[in-house]
1. When only alpha-carbon atoms are used, what values of Rg and Dmax, in angstrom, describe region 24-64?
2. What distance in nm separates the simple spin-label points at residue 94 and residue 81, each placed 7 Å from Cα in the Cβ direction?
Amino acid sequence: MHLFQVLAILEIVVMGVSGLATQRQVLITYPSDTPQSDLDEYKSAITAAGGEILHDFNLIKGFIAKASTEAIDTIHTISQKYAPTIEDDQTITTQEQDH
């Protein structure tokens, strides 16, 4: 692990421990050639910051997480070689729903 990545993970941990950050639920996906060891590192950083991995995907490289905005931004920063796509997790339907 590079020094930059270690410092970024420490930043996530400090933010998570502070408990001041509001959490949001996001879908984080990575390119198909991203090593599993890198995904494990990113997920560990989220949980170390007080976040939670809600779902792991098997067919695509990615997961759903609930974490602070700062932790999510830092994950984007430490994922330099394999840039993630990060978007808010939401329900999408193909049918109109009655309200």
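Every number in this text was worked out from the coordinates using simple rules, so none of it is lab data. Fair warning: this is a prediction, and the values are worked out from it, not measured in the lab. Note that each Cβ is placed from the backbone with ideal geometry, even for glycine, and that neighbours are counted across all protein chains shown.
1. 9.8, 28
2. Result for the modelled spin labels: 3.8 nm.
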